[in-house]
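Asker: Got a structure here, written out as structure tokens. Questions coming.
All of the numbers you see were taken from the coordinates with simple rules; none came from a lab. Here the structure is a predicted model, which is why all the values come from computation and not from measurement. Note that we place each Cβ from the backbone using ideal geometry, even for glycine, and neighbour counts take in every protein chain shown.
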């Protein structure tokens, strides 16, 4: 028995997604896999640790997160506790770019910070930093990061975006 | 018998499969991972050929950054490793013949002397690179060509022939494309034919160094060279499509027969699995539990412990009350492989009608990818850079990353 997607494309019995347009075909709603922010491995929903690299995965519900922050040299601190994924950069209203962590007020443009410079992601108790093809690069403890390659952060790590230095702190 | 050094596992997207009385499609995920013993084992020394484009378009920052990146890479090789450096335009220059990396300074000085030149005949560079690699290729080294290009080339057919030869000899080609003008279809074919990773897209010259360092890190992580999976299916079960889904996404073209699949997976790294998604056509079955396939792994080096067998056993149920168990990990791959096929179809056929690409597909991509998909949906052509971006994002839909050293 063929299955039709809502756009009318015919698919074989047993298919989950339409081969023509990609629409999900009728069936049970399935909880999405929990993708590890560090290595990209999909894991069963609710898994506590990544089956490939072993890092802690974000809990599916509840659980108080540890307080984590990024601190500028002048002591200004950005709280990361409630965030899953944030872009660090500098706002540019003309281009309608408003990153969650905005370094424009701290000389971002002059210091070589791109509008969307790097992404910080949380996976459970772990954070990763990923350069977003920034012009002046992202450095972790003075090592240049390859673009689009999430790299784990630990307490006390130094991040440099352009010429702005931030310290990652977690309790 | 030695301890198995590879673990093979498989799971269907849902189980039990229903008894429908008709043909149905089923999705099977097969994963191969290195055992803990292998992860801690000794690595093979490297036999690398760096084949780089020095055509006129490389003039300026591209060649400057590339030279600096090569010198940085040389510093991360040891005297156990072999390196050759070849520069091509419409001629070819042997910058450094294949030799152990004992004198980084002299190698660096040779790199400094590379000058930009004329047109582009990549096959000349590949051919000389292959000749240098052959001097040490074999079970004692991990042999790889790092192929760098920033534009279209003459002699594409010859490049593909050389890639096939390299693959047959256990030499994989890892392409790096710089800027927006390189031939992504040709470089993808070269890597696929030779058993290499998909091309690394370097958008700005300053990222070349990170890309080359990644190549060294990836080569150092290999624990099983030349891994092959052979799968045989029982009557009534036919592989329809096979796609590599980890560590990168790539359809498998060759080796799929009516009742058997052979996939050359290339090198298995200690911290990344190799995974395949198989789409199987299953003829009507009665209820019960059956073995539908047998999987066997082997390695080109004949490494003891890499010959591992696993059965794929599936339950069919006629009971309407027995709800199938859905496997989100397999469905994750099913959705992304289907999305990649739809996007690639739209990219490959610019004459096609504006494709009805479901919004759910666009949601699998980042903002940049979504922007390109919107252009496709509107029936407009993509810019060369837009195509590169969307192809790279599509390849990355299921790709995995090595855990960075802490």
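Asker: Which shape class applies to region B:46-220: rounded if a/c is under 1.5, otherwise prolate when a/b exceeds b/c and oblate if not, where a ≥ b ≥ c are the square roots of the Cα gyration tensor eigenvalues? Can you show the working numbers first?
Answerer: Working: a/c = 1.39, a/b = 1.05, b/c = 1.33.
Taking the square roots of the gyration eigenvalues as a ≥ b ≥ c, region B:46-220 is rounded.
Asker: Next question. Mind checking the mean number of beta-carbon atoms from other chains within 10 Å of the Cβ atoms in B:271-281? Working shown, then result.
Answerer: Values: counts 4, 5, 4, 0, 2, 0, 0, 0, 4, 1, 2.
Shielding by partners across B:271-281 averages 2.
Asker: Please average, across the residues of B:101-111, the number of beta carbons from any other chain that are within 10 Å of each residue's own beta carbon, and give a whole number.
Answerer: Details: counts 0, 0, 0, 0, 0, 0, 0, 0, 0, 0, 0.
Going residue by residue through B:101-111 and averaging, the value is 0.
Asker: Do you know the relative contact order of region B:46-220, to the nearest whole percent, from alpha carbon pairs under 8 angstrom that are 6+ apart? Mind showing how you got there, number by number?
Answerer: Numbers: 386 pairs, mean separation 43.5, N = 175.
Relative contact order of region B:46-220: 25 percent.
Asker: Also, I was wondering about something else. Pairwise over distinct Cα atoms, reciprocal of the mean inverse distance: report the Kirkwood radius of region B:120-255 in Å, one decimal place.
Answerer: The Cα-based Kirkwood calculation yields 16.1 Å.
Asker: Taking only Cα atoms of region B:328-405, what ratio of Rg to Rh do you get with Rh as the Kirkwood inverse-distance radius?
Answerer: My calculation of the ratio gives 1.00.
Asker: Another question, then. How fast does chain B diffuse by Stokes-Einstein, in µm²/s, taking the Kirkwood radius from C-alpha pairs at 20 °C and 1.002 mPa s?
Answerer: This corresponds to a translational diffusion coefficient of 95 µm²/s.
Asker: Could you work out the mean count of beta carbons from other protein chains within 10 Å of each residue's beta carbon in A:38-51? Display every interim value, and only then the final one.
Answerer: Numbers: counts 5, 10, 10, 11, 13, 3, 3, 2, 1, 2, 0, 0, 1, 4.
Mean shielding count: 5.
Asker: Taking 60 Å as R0, compute the FRET efficiency from the Cβ-Cβ separation of residue B:90 and residue B:294 and round it to 0.05.
Answerer: The pair residue B:90/residue B:294 has a calculated efficiency of 0.75.
Asker: Which ordering of B:146, B:282 is given by a fewest-first count of other beta-carbon atoms within 10 Å?
Answerer: Listing B:146, B:282 from fewest to most nearby Cβ atoms yields B:282, B:146.
Asker: Over the Cα atoms of chain A, Rg to Rh with Kirkwood Rh, two decimal places? Let's see the in-between values first.
Answerer: On the way: Rg = 20.0 Å, Rh = 18.2 Å.
Over the Cα atoms of chain A, Rg/Rh equals 1.10.
Asker: Now for a separate question. Please give, to one decimal in nm, the separation of the simple spin-label points placed at residue B:304 and residue A:44, each 7 Å out from Cα toward the Cβ.
Answerer: Modelled inter-label distance: 3.6 nm.
Asker: Relative to 2.2 N^0.38 Å, what does the C-alpha radius of gyration of the protein assembly as shown come to as a ratio? Two decimals please.
Answerer: Against the empirical 2.2 N^0.38 Å value, I get 0.99 for the protein assembly as shown.
Asker: Quick one: if you stick a label point 7 Å off each Cα along the C-beta vector at residue A:149 and residue B:36, how many nm between them?
Answerer: Label at residue A:149, label at residue B:36, 2.8 nm between them.
Asker: For region B:1-93, with equal point scatterers placed on the C-alpha atoms only and solvent neglected, what are the log10 I(q)/I(0) values from the Debye formula at q = 0.13 1/Å, to two decimals?
Answerer: For the requested q values the scattering log ratios are -0.76.
Asker: Can I ask one more? Taking a ≥ b ≥ c as the square roots of the Cα gyration tensor eigenvalues, with a/c under 1.5 meaning rounded and otherwise prolate when a/b beats b/c, else oblate, which class fits region A:1-53?
Answerer: The shape class here is prolate.
Asker: Report the FRET efficiency, 1/(1 + (r/R0)^6), for residue B:257 and residue B:315, where r is their Cβ-Cβ distance and R0 is 22 Å, rounded to 0.05.
Answerer: Working: r = 26 Å, r/R0 = 1.18.
In this case the efficiency is close to 0.25.
Asker: Still on this structure: Run the simple label-point estimate for residue A:10 and residue A:69 please: 7 Å along Cα→C-beta, distance reported in nm.
Answerer: For the pair residue A:10/residue A:69, the computed spacing is 6.4 nm.
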